[in-house]
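What follows is a short report on a single structure.
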Amino acid sequence: MRVEYRNRQVRWGFIWAIWCAVLWGAWYVPGTIIYLEEPFAGLSDNYLLAALVITVLNAIAVLIALFIWVAVLGKTSDYVRTLRQVKISRWYAPAGLAGMLAIFGSILAIAYVGPQFSAVAALLYPIIGALVARVWYHENITRRAALGILVIVAGGVVIFAPGIVGELTGAGTGGMLGYVGGALAFVGWGIEGAIAGRALDVSDPDVGITLRFTAEVVIWLVVAVPIAAGLAGAQFWQTVGAALASPNVLLLLVLLGLTFGFCYVSWYKSFPLIGVGRGQAIAALYGPLALVWLYVFNLKPPGIQFVIGAIVAVIGSFVLFTEKRDVLEVIRAVPATRRHAVSGGEA
């Protein structure tokens with residue numbers, strides 16, 4: 001009976017992770033089209049401001065979708081109760097910050113380099129997740145995991161190297177900010193995944209993801225938006241007002257909120273069922289799926305280096321996180337000093 005229950009958990013974990021990949025890949029379509037709508041189309045000389053406003057509105061749209069989701073599930077009281085438990089909810093503040101930087105970087109990369117690059121650049125995030133887990137959780141990096149990391153790095157070289165070399169030699173298109181955005185994306189999502197693994201040990205996934213986006217929206221509104229408004233002046237609020245007055249932009253924000261909101265729901269639901277590592281590995285399929293979604297909607301084939309890099313990075317993700325069951329059961333080791341401290345504290 002226990003084996004059957006565990007097998008059902010694993011099956012649902014993989015289903016949630018695959019749904020995450022499908023919806024995550026789809027998110028890049030409205031995330032690209034929105035740059036073609038006013039007021040963002042008129043900010044071709046200031047994509048940094050456009051990316052910032054889009055990211056803020058995307059975060060708010062996702063949070064609204066998640067509030068509705070939590071209410072439909074009847075978990076609003078759980079959300080409030082967990083929010084008040086600071087020992088639990090505090091984990092979602094750094095997760096929100098890391099995810100906020102990742103999303104901003106990804107949207108920035110769409111503008112300065114292109115959606116295909118943005119989609120596949122973040123495929124490097126399992127490397128960061130594995131390294132953070134090694135330092136923080138004391139998870140063992142086995143030979144198989146090390147091989148997976150090397151394969152992902154090779155995919156990253158294929159994805160990043162041609163464009164960065166072009167920028168450094170003056171043969172590029174002035175998109176260095178986009179490559180910085182791509183780096184922010186994989187570093188941010190890698191760190192968030194590691195934090196989420198810890199936070200979801202003590203909280204419900206639906207409540208947890210809503211808390212994570214609550215933290216992101218608060219950081220944007222309390223810290224980042226005032227700074228951006230101070231630097232950009234009246235243009236910042238004019239851009240926000242024009243965006244909210246555009247029916248096309250509002251429709252795209254609804255699509256952004258639905259695809260990314262439920263992509264994140266699926267991502268967080270997969271972690272407790274199959275582990276952060278395997279959840280990240282399956283979700284990495286979003287990269288090739290994003291290339292397919294983008295081709296279907298704009299009929300523009302991706303660069304061959306993005307296709308090759310995406311395939312190599314996805315293979316590396318599976319190598320990194322596809323361990324034998326007995327290895328996975330003991331992969332998180334707790335040092336003797338910490339075990340002694342914990343047992344002493346409980347005594």
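The values are calculated or read from the model by the stated rules, or taken from the named source; none is laboratory data. Model, not experiment: these values are computed from the prediction. In this analysis, Cβ positions are derived from the backbone assuming ideal geometry, glycine residues included, and neighbour counts consider all displayed protein chains. When the accessible area is computed, the model is the full protein with side chains, heavy atoms only, and any ligands, DNA or RNA have been set aside. Shrake-Rupley method; radii C 1.70, N 1.55, O 1.52, S 1.80 Å.
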(1) open to solvent by 40 Å² or more (accessible area, probe 1.4 Å); (2) without any contact (Cβ under 8 Å) to a residue 12 or more places away in the chain all hold for Gly166 apart from (1)
Consider Lys300 against the criteria (1) at pLDDT below 85; (2) in a helix (DSSP H, G or I); (3) out of contact with any Ser or Thr (no Cβ under 9 Å at 6 or more places or on another chain): it satisfies all of them except one. Which criterion is unmet?
-> (2)
Filtering the range 250-261 for residues that are out of contact with any Gly (no Cβ under 8 Å at 6 or more places or on another chain) and surrounded by 22 or more Cβ atoms within 10 Å (Cβ to Cβ) leaves a count of 6
Apart from one, (1) assigned to a helix (DSSP H, G or I); (2) over 18 Å from Val218 (Cα atoms); (3) open to solvent by 20 Å² or more (accessible area, probe 1.4 Å) all hold for Gly74; the odd one out is (1)
Of the residues Val296, Val240, Val276, Val319, which single one is out of contact with any Pro (no Cβ under 8 Å at 6 or more places or on another chain), open to solvent by 40 Å² or more (accessible area, probe 1.4 Å) and β-branched (Val, Ile, Thr)?
-> Val296
Can you tell me which of Val113, Val132 is of a type outside the set (Phe, Trp, Tyr), over 30 Å from Thr32 (Cα atoms) and open to solvent by 20 Å² or more (accessible area, probe 1.4 Å)?
-> Val132
Condition met for Tyr79 (over 30 Å from Pro302 (Cβ atoms) and crowded, with 24+ Cβ neighbours inside 10 Å) = no
